[in-house]
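S.K.: Just dropping this structure here.
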Number of protein chains: 2
Amino acid sequence: MSSAVDSASVESAPRSPGRPRSTRADEAIIEAVLDLLSTGSTVESLSIEAIAAKAGVGKATIYRRWSGKGALLADALRTLKGQPPVPSGASVRDDLVLLVSGIGRNTDPRATKIMPCLIPEVHRSPQQYALYQELVQPRREIMREVLRRGVRTGELRDDIDIELTMALLTGPVLMQKLLKWHPDLDEGKLPERVVDAILAGIAA
Amino acid sequence: MSSAVDSASVESAPRSPGRPRSTRADEAIIEAVLDLLSTGSTVESLSIEAIAAKAGVGKATIYRRWSGKGALLADALRTLKGQPPVPSGASVRDDLVLLVSGIGRNTDPRATKIMPCLIPEVHRSPQQYALYQELVQPRREIMREVLRRGVRTGELRDDIDIELTMALLTGPVLMQKLLKWHPDLDEGKLPERVVDAILAGIAA
């Protein structure tokens, strides 16, 4: 019983007493990762040595906090992505515009340099692919729930495929963010126009 | 006058008499570029030296045929992409399925390794971006014409935005090819399902 109490108190307490989860060193380390990735370092060539040097900490400081490069990279990308938007719940159309507008939108200018560089990694490494899937999962679940709500309220057809609809909504915007695939499209208005076009269909 | 005749005959003749445009050496050089790119070489690190060594030719042979790495890369990617599909013209829906099915479809297994790796290049270099745009332009014009035809025949609404519609049709499939973004989607059926969903819309 005393051991059960111990493990419960360990779980709710910071991992290492006296060293809270986010310290200035942690922030400096995360910033160093994002700086290195945005200035040309590939995930492959990124080294704990370079990160430590850039952050002005010792390698041991990094290893005390993260098990390795993969875990550190995951935290850095999570920081870069920020919090997902919160739908108001009033209109499915407006909530979808909000969520689609959030794709690839990032106040951190490093994101536009970092995100495209990670695409090859997704193909090279199953770990990287899993990391991405994990990163987008919370946002994806928010969109899924808005679509389910639309079906329930009758705003959306009840025969839609939720996963396919998510691909229809996100694909064009993500493609444009990553590749500026269609040079003539106005990126600012794209989310709203995509949502409206997909709601309405194009058949006569 | 004699000089005008000369330049006309030079233009219609092979660039170098006795060395036709496509020789076995040319093919070996193109293959070398594709092999190097598909086995981890980045566009940046790709060197004429490495290509020459891999193709078993001298650097001079490459420079006789291509002005530099950019021109050679453009030809190699054109070879990799192959010929665009030819719509039958019977049904706009079927033609769109044909064209959307052609996105990222490639009989050359090296393409799935090469194409994702080129995305960061598009961001790093305006030349690379222009090369991509030039590569996809013929396919894009074929799809544009199918959509215009659909508007003319009344199969499509006459208020659709052609460029936006192209992004709607290509984005989800390209995204899935590049990132397997939605792990649960069946890639084989995706083109047909995307076309039908976009034709029909999702609003109740």
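S.K.: Take peptide A:178-189, look around each residue's Cβ out to 10 angstrom, count Cβ atoms belonging to other protein chains, and average those counts.
M.R.: Taking the mean over all residues of the peptide, I get 5.
S.K.: Sticking with this one: What FRET efficiency do you get for residue B:63 and residue A:125 if R0 is 41 Å and r is their Cβ-Cβ distance, rounded to the nearest 0.05?
M.R.: It comes out at approximately 0.65.
S.K.: How high is the relative contact order of segment A:85-202, given as a whole-number percent (alpha carbon pairs under 8 Å, six or more residues apart)?
M.R.: 35
S.K.: What Kirkwood Rh does the protein assembly as shown have if only Cα atoms enter the pairwise 1/r average? Answer in Å.
M.R.: Kirkwood radius, the protein assembly as shown: 24.3 Å.
S.K.: Put the label 7 Å from Cα along Cα→Cβ for residue B:35; what are its distances to the other copies, in nanometres, shortest first?
M.R.: 4.3
S.K.: Let me ask you something else. For segment A:44-136, report the accessible area per residue in Å² (1.4 Å probe, heavy atoms, rounded to an integer).
M.R.: Per residue, segment A:44-136 has 49 Å² of solvent-accessible surface.
S.K.: Please report, as a whole percent, how much of the solvent-accessible surface of segment B:85-202 comes from carbon and sulfur atoms (probe radius 1.4 Å).
M.R.: 56
S.K.: Still on this structure, I have one more. Averaged over B:146-153, how many beta carbons belonging to a partner chain fall within 10 Å of each residue's beta carbon?
M.R.: Partner-chain Cβ atoms within 10 Å, mean over residues of B:146-153: 1.
S.K.: Okay, helix-only estimate at 222 nm for the protein assembly as shown: each DSSP H run of n ≥ 4 adds -39500 (n - 2.57), divide by all residues, round to 500 deg cm²/dmol; what do you get?
M.R.: Helix contribution divided over all residues of the protein assembly as shown: -21000 deg cm²/dmol.
S.K.: How many Å² of accessible surface get buried when A and B come together, counting both sides, probe radius 1.4 Å, rounded to the nearest 100?
M.R.: 4800
S.K.: Enumerate the lysines that residue B:189 could reach by cross-link, defined here as Cα to Cα under 16 Å, with residues fewer than 8 away along the same chain left out.
M.R.: Cross-link targets: B:177, B:180.
S.K.: Starting from the Cα gyration tensor of chain B, take the square roots of the eigenvalues, sort them a ≥ b ≥ c, and report rounded, prolate or oblate (rounded when a/c is under 1.5, otherwise prolate if a/b is larger than b/c, else oblate).
M.R.: Oblate.
S.K.: Hey, what's segment B:158-204 come to in accessible area per residue, 1.4 Å probe, Å²?
M.R.: Spelled out: the 1.4 Å probe surface of segment B:158-204, per residue, equals 37 Å².
S.K.: In Å, the Kirkwood hydrodynamic radius of segment A:85-202 over pairs of distinct alpha carbons?
M.R.: This gives a value of 15.3 Å.
S.K.: Mind checking which lysines have their C-alpha under 16 Å from residue B:59, skipping anything on the same chain fewer than 8 residues away?
M.R.: Qualifying lysines at Cα under 16 Å: B:69.
S.K.: Looking only at other chains, what is the average number of their beta-carbon atoms within 10 angstrom of each beta-carbon in B:110-119?
M.R.: Per residue, the average neighbour count from other chains is 3.
S.K.: Going by a 1.4 Å probe on protein heavy atoms, which residues of segment B:155-173 end up with at least 50 Å² less accessible surface in the whole assembly than in their chain alone?
M.R.: The answer is B:157, B:163, B:164, B:167, B:168, B:172 - residues whose exposure falls by at least 50 Å² when every protein chain is included.
The values are calculated or read from the model by the stated rules, or taken from the named source; none is laboratory data. Since we're looking at a predicted model, the values are computed, not measured. Note that we place each Cβ from the backbone using ideal geometry, even for glycine, and neighbour counts take in every protein chain shown. Accessible surface is based on the protein model in full, side chains and every heavy atom, while ligands, DNA and RNA are left aside. Shrake-Rupley method; radii C 1.70, N 1.55, O 1.52, S 1.80 Å.
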